[in-house]
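Taking it in order: structure first as structure tokens, then the write-up.
The values are calculated or read from the model by the stated rules, or taken from the named source; none is laboratory data. Computed from a predicted model, the values in this text were never measured in an experiment. Glycine also receives a Cβ, built like all others from the backbone with ideal geometry; neighbour counts cover every protein chain displayed. All accessible areas refer to the heavy atoms of the entire protein, side chains included, with ligands and DNA or RNA removed. Shrake-Rupley method; radii C 1.70, N 1.55, O 1.52, S 1.80 Å.
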Amino acid sequence: MQNIQSNKLFWASCLALLVTSLSFGIRAGMMNQLGVDFQLNATQLGTITATAFWGFPLAMVVGGFIVDVIGMKRLLVLAFVFHLAGIALTIFAQGYWTLFFSTLLIGIANGTVEAACNPLVATLYPKEKTTRLNYFHLWFPGGIVIGTLVVTLFVKLNLGWQLQVATMLIPTLIYGYLFSRLDFPPTERVSSGYSSGDMYAAVFTPLFIFMFVCMLMTAITELFTGQWIGLLLKNVTDNALLLLTLTTGIMVVGRAFAKPIVKKLEPQGVLLFSAIFAAAGLYMLSTFTGSSVFFAALIFGTGVCYFWPTMIGFVAENIPQSGALGLNLLGGAGMFAVSIYTMFMGGFYDGLIVKHLPAGTSLATYATATEGSPEAAMLNEAKNLAGPEVLKITVVLPVILIVAFTFLVVYMRSRKARQMTSAQTI
């Protein structure tokens, strides 16, 4: 008979997610250095960043289809192998293509972790799915905070980015060991008796499709901004990386205290609240300068804090028949949207920089200018103008979400009223 140790499985899941988030935080902190060391432009850096978001949805969607068949334990062993391979290839990277493939491998590992751990947490805690998913997902921003602090410390100590990446090996080895020793339960869909037919039917319901589309926008709002905030605002403030740390720190605290908020507002109310704050914060980030940018980061962090885990929690609670496939299709869609948006915005950002440079000039000429030269000063000024413009365009997404989640709140209230009426009739 299996001995399911829920707390140990939960904490091992948190460690696995910590590795995922460390990869985001450390990469965000070393993007500029990679550009310098390997002479990469913003388009190339955007493509490298995007590969993590390609591997992630690929692994999540594939994992969603097979997790009920092979089990969550085997899926997490695969994640461990991909993490080790991706980290090693990054440490020994020689240029664009090794960075491309190492980031892709880490993305696949990250997606596999989510593909197994989201349904695992929902299975372990069936009566408080949204709350526990928020607790689990606090390790995503938590790892980004740790990652950015590691980058800051290692830069101060003049230690290379290779050593920064190597720090990810510690939690990777620990979670791999723990998962190899623990027993796993079957997924909630399997244990609840929902058939594969029920699962496939559930992901084609109007409510699931609505949440699927909303996930595209919530993921871009949170993750694109988080990955690029240091690059986009580094000329607006001297502490752009600290903006990321502040934003994600707010997310850690918010998710840690999710229980009373989810209970009071319900998941759909939390999503509406999040969209309002995210829109306000993103607009402030695109317009404020100096120390006021930190206030904008505070508002933005409060907004995006609950997006990802509450979207997944809403589906787990209200469309349980969709099972692991539903949760992973949602997460995979979010990451895929971020990858496309990141690639598009990398090229768009380069274009905006060129627009703010003298007519007929080449970006490459300014990118290779020596520090302190007039060309370098002009490039910095162009970036100073271009970064906030990218954020202003992105504000459109949380504004659309405000409308969408207002509709969701009204719909869920009417559905709840209908259910109560039918219960009383019976």
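Could you check segment 343-426 for helices (runs of 4 or more DSSP H) lying wholly inside it with 3 or more residues that are modelled with pLDDT of 75 or more?
Correct list: 374-394, 396-425.
Just for segment 184-208: of the residues that are assigned to a loop (DSSP other than H, G, I, E, B) and over 24 Å from the mean Cα position of the chain (by Cα), which one is farthest from Ile70 (Cα to Cα)?
Thr205
Based on what the data block shows, is Thr112 under 30 Å from Gly351 (Cα atoms), in a helix (DSSP H, G or I) and either touching a residue at least 40 places away in the same chain (Cβ under 8 Å) or β-branched (Val, Ile, Thr) (or both)?
Here the answer is no, as Thr112 does not meet what is asked.
If you take the residues of segment 132-156 that are at pLDDT 90 or above and open to solvent by 10 Å² or more (accessible area, probe 1.4 Å), which of them is nearest to Val304 (Cα to Cα)?
Here the residue is Leu138.
Run Lys392 past the list (1) open to solvent by less than 70 Å² (accessible area, probe 1.4 Å); (2) of a type in the set (D, E, K, R); (3) in contact (Cβ under 8 Å) with a residue 24 or more places away in the chain and report the number of the one that doesn't hold.
(1)
Testing Phe336 on (1) out of contact with any Lys or Arg (no Cβ under 9 Å at 6 or more places or on another chain); (2) within 30 Å of Gly193 (Cα to Cα); (3) crowded, with 18+ Cβ neighbours inside 10 Å, one condition comes back false. Which one is that?
If we test Phe336 against (1) out of contact with any Lys or Arg (no Cβ under 9 Å at 6 or more places or on another chain); (2) within 30 Å of Gly193 (Cα to Cα); (3) crowded, with 18+ Cβ neighbours inside 10 Å, just (2) comes out false.
Quick one: would you say Thr98 is in contact (Cβ under 8 Å) with a residue 12 or more places away in the chain and assigned to a helix (DSSP H, G or I)?
no
Looking at segment 174-190 only, could you name the residues that are of a type in the set (Lys, Arg) and touching an Asp or Glu at 6+ places or on another chain (Cβ under 9 Å)?
If the condition is that a residue be of a type in the set (Lys, Arg) and touching an Asp or Glu at 6+ places or on another chain (Cβ under 9 Å), then Arg189 is the only one that fits.
Would you tally the residues in segment 157-183 being surrounded by fewer than 20 Cβ atoms within 10 Å (Cβ to Cβ), at pLDDT 90 or above and assigned to a loop (DSSP other than H, G, I, E, B)?
Of the residues in segment 157-183, 3 are surrounded by fewer than 20 Cβ atoms within 10 Å (Cβ to Cβ), at pLDDT 90 or above and assigned to a loop (DSSP other than H, G, I, E, B).
Just a yes or no: is a residue in segment 74-87 of a type in the set (D, E, K, R), in a helix (DSSP H, G or I) and over 19 Å from Ala12 (Cα atoms)?
Scanning segment 74-87 turns up no residue that is of a type in the set (D, E, K, R), in a helix (DSSP H, G or I) and over 19 Å from Ala12 (Cα atoms).
Tell me, please, whether a residue that is in contact with a Gly (Cβ under 7 Å, 6 or more places away or on another chain), open to solvent by 10 Å² or more (accessible area, probe 1.4 Å) and not polar (S, T, N, Q) can be found in segment 293-303.
Checked segment 293-303: at least one residue is in contact with a Gly (Cβ under 7 Å, 6 or more places away or on another chain), open to solvent by 10 Å² or more (accessible area, probe 1.4 Å) and not polar (S, T, N, Q).
Take Asp37 and tell me if it is crowded, with 16+ Cβ neighbours inside 10 Å, of a type in the set (Asp, Glu) and at negative phi.
no
Within the bounds of segment 115-135, is there any residue that is over 21 Å from Leu9 (Cα atoms), part of a helix (DSSP H, G or I) and under 15 Å from the mean Cα position of the chain (by Cα)?
No: segment 115-135 contains no residue that is over 21 Å from Leu9 (Cα atoms), part of a helix (DSSP H, G or I) and under 15 Å from the mean Cα position of the chain (by Cα).
I'm checking my understanding of the structure. Among residues of segment 230-266 that are open to solvent by 40 Å² or more (accessible area, probe 1.4 Å), over 30 Å from Val315 (Cα atoms) and in contact with a helix residue (DSSP H, G or I) (Cβ under 7 Å, 6 or more places away or on another chain), which one is modelled with the lowest pLDDT?
Asn235
Name the residues in segment 130-160 that are of a type in the set (Lys, Arg) and under 18 Å from Val19 (Cβ atoms), would you?
Selection gives nothing.
Is it the case that segment 66-84 has a residue that's more than 20 Å from Phe179 (Cβ to Cβ), in contact with a Leu (Cβ under 6 Å, 6 or more places away or on another chain), of a type in the set (A, V, I, L, M) and touching a residue at least 24 places away in the same chain (Cβ under 8 Å)?
No: zero hits.
Checking the condition open to solvent by less than 10 Å² (accessible area, probe 1.4 Å), at pLDDT 85 or above and under 20 Å from Gln164 (Cβ atoms), which residue from Thr49, Thr20 passes?
Going through Thr49, Thr20 in turn, the sole match is Thr20.
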